[in-house]
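The values are calculated or read from the model by the stated rules, or taken from the named source; none is laboratory data. None of the values given here were measured: they were computed from a predicted structure. We place every Cβ from the backbone using ideal geometry, glycine too, and count neighbours over all the protein chains shown.
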Amino acid sequence: MKNIRKIGSILLIAIMLSSNVFAADLKTTLNVVEQASETKYLENNQGYISKTIVDSNPSTGEVTVELKLSNTKKEEEEQEKTEVMLVIDNSPSMDFVTTSGQTRKEIVIPATKQLVSEIFENSTNVKVGIVYFHGVSGWSSASISNATLGLKLTDNKNTVLSALDNLNAKATEGGTNIDAGLQRAEQNFSSSCKNKIIVLLTDGVPNADVKGTDAGNDTTTEKALIVQNNTKETLQRLDKAGYHIISMMTGMSAEDGHIDKNGNDFGENNIEEDLKAVERIFGTTTAPTAGKYYLVQSANVNNVVTNDILTNVMEIVQNPINEVKIVDYFPEDITENFEFSYVGEPSVGTVSEEIDDETNTITWDIDTLKGEETATLRYKLKIKDMQNSELLNKTIATNEKVVLTYTDTDSEDYTVTLNSSPKIQLTEVKEENKKPDVEQDKVKDEPSAEQDNTTATGEIPQTGVSMVVGVSIIITLTVLVFVYKKNKNYKDIK
């Protein structure tokens, strides 16, 4: 009986050894089951949020996850910049002194500088250029040469502001060829750009066009009507071609002042006729010929340019979103079985140092995300035990949910929840049997006279420790049965 117990103990130890060996021999890999979450769009197509596994190492059990928030209406990673051409009147009437004591030019240029600053402050994906125009002056004739490219498109705010200062200091020239200004701007947009904005700032009725028509100062003659119609047709053509046109006309009221720098009073006699001519070209503020149109007094120029026109531009470029916060929630399978670490710093904002023990979350504070800007945060998840049997073949979500909160430019609050997630799975790697080599089998079946049949060809199968232990168990069981039967027979005889 004692022998049976001893053998049983040996058997138990053998079984324990075999299970340990089998565990040690378990080969696994961490696979990506679902690479990305859904792409969740913000309200009013403001942008989108997504989560993606961007890198993985199956053998070491590592994945790198990227959380992305994009303030853009398009999903493309890289987009053409929005281009804005400022088309500014530099005719003599821009030197008229208003009731504020400033010239029209001294009002328009500073307002335009503020507009430019706000555009660059609220967007990272924009270029601005400058065209200024006049009309027939001295030796010149009515043509596109009445407009000059003052600054090529650039994404450098300070360069634009400096060019506006130069224009403010530049002497005005005779005539008003709005048609030339519009077409010169058209020539200087990038051919590949799909988001083109023209901001036209002027104070007078045009009296010349690019076709060579010079109408002088009268707004009702046949030539004047031709100029007005040609200018209108250019506005309509650009609008139909997809250009975003924003026009502002000033100088059309008694309050605007009509005294030049030399004290000459040009009076108000023609204001009524000028207004009719302006309407023939631009339409009305409620029914414009193209895009947006503002008819304003000089005293209101700054407000219209820095508020209304800025809003129009930013709606095209993309408004910023504010008070942006993202909270990422992790399941216990991740927090308990994976090591967590950030990959660099977030591209925008700040993030909590580690996963919160109580809430299983990280918090990403972005604050303000500009128009056409994308914020990214990356972190790495590395499994602690590649032989964790509890995780084997279990599909694991990298997070439970992601909650985004933000406010828009009207201070309205929004919450967006991303419920889907990239998924991973720890799976066993099973070695596949090699396909038999037909030629080699043929040689084995038909050995030549020179072939030594006493020597094995190919690799000898390596059974390993597991097979040894398995065989040992079988032998032990056999011995145990034999001893048991022998002992039983002995008792029966006795």
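Name every residue in the range 375-396 that is out of contact with any Asp or Glu (no Cβ under 8 Å at 6 or more places or on another chain) and surrounded by fewer than 19 Cβ atoms within 10 Å (Cβ to Cβ), in order of residue number. Don't jump to the end; show me each part of the working.
Filtering the range 375-396 for residues out of contact with any Asp or Glu (no Cβ under 8 Å at 6 or more places or on another chain) gives 375, 379, 385-390, 395.
Within the range 375-396, Asp385, Met386, Gln387, Asn388, Ser389, Glu390, Thr395 qualify.
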- Item | Options Ile383, Ile366: the member that is in the same structural domain as Ser50 (by TED's automatic domain parsing), over 28 Å from the mean Cα position of the chain (by Cα), at pLDDT 95 or above and aliphatic (A, V, I, L, M) | Ile383
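Results for (1) over 16 Å from the mean Cα position of the chain (by Cα); (2) not assigned by TED's automatic domain parsing to the domain that holds Thr409, shown as yes or no for each residue.
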| site | (1), (2) |
| --- | --- |
| Ile309 | yes, yes |
| Val313 | yes, yes |
| Val324 | no, no |
| Asp328 | yes, no |
| Ile334 | yes, no |
| Asn337 | yes, no |
| Ser341 | yes, no |
| Glu345 | yes, no |
| Val351 | yes, no |
- Out of the residues in the range 128-181 that are in contact (Cβ under 8 Å) with a residue 60 or more places away in the chain and over 20 Å from Lys105 (Cα atoms), state the one that is nearest to the chain's Cα centre (by Cα). Asp155
- Task: Would you mention how many residues in the range 310-326 are crowded, with 17+ Cβ neighbours inside 10 Å and part of a strand (DSSP E or B)?
- Result: 3
- Message: Given the criterion in the same structural domain as Thr234 (by TED's automatic domain parsing), over 32 Å from the mean Cα position of the chain (by Cα) and either under 30 Å from Gly101 (Cα atoms) or not in a loop (DSSP other than H, G, I, E, B) (or both), identify the matching residue among Val278, Val304.
- Response: Val278
- Out of the range 232-249, which residues are of a type in the set (Gly, Ala, Ser) and more than 11 Å from Lys196 (Cα to Cα)? Ser247
- Message: Against the definition (in a loop (DSSP other than H, G, I, E, B) and touching a Lys or Arg at 6+ places or on another chain (Cβ under 8 Å)), how does Asn388 come out, yes or no?
- Response: no
- Item | Some residue of the range 88-111 being within 30 Å of the chain's Cα centre (by Cα) and aromatic (Phe, Trp, Tyr) | no
- Item | Among the candidates Val116, Val33, residue that is part of a strand (DSSP E or B), under 32 Å from the mean Cα position of the chain (by Cα) and modelled with pLDDT of 90 or more | Val33
- Message: Looking at the range 147-170, can you tell me whether even one residue there is outside any helix (DSSP H, G or I), in the same structural domain as Gly242 (by TED's automatic domain parsing) and at positive phi?
- Response: no
- Query: Can you tell me which residues in the range 153-169 are more than 21 Å from His134 (Cα to Cα) and among the hydroxyl-bearing types (Ser, Thr, Tyr)?
  - Reply: Thr154, Thr159
- Scope the range 194-225; condition within 30 Å of Val126 (Cα to Cα), surrounded by 15 or more Cβ atoms within 10 Å (Cβ to Cβ), of a type outside the set (S, T, N, Q) and modelled with pLDDT under 95; matching residues: Asp203, Gly204
- Filter result (in a helix (DSSP H, G or I) and either outside the structural domain of Gly251 (by TED's automatic domain parsing) or crowded, with 21+ Cβ neighbours inside 10 Å (or both)) within the range 94-108: Met94, Arg104, Lys105, Ile107, Val108
- Query: So, in the range 182-237, of the ones that are part of a loop (DSSP other than H, G, I, E, B) and among the small types (Gly, Ala, Ser), which residue ends up farthest from Ala111 (Cα to Cα)?
  - Reply: Gly212
- Residue within the range 400-416 that is among the aliphatic types (A, V, I, L, M), part of a strand (DSSP E or B) and under 15 Å from Asp333 (Cβ atoms) present: no
- Task: Please find, among Val351, Val403, Val343, the residue that is closer than 22 Å to Ile53 by Cα and without any contact (Cβ under 8 Å) to a residue 40 or more places away in the chain.
- Result: Val351
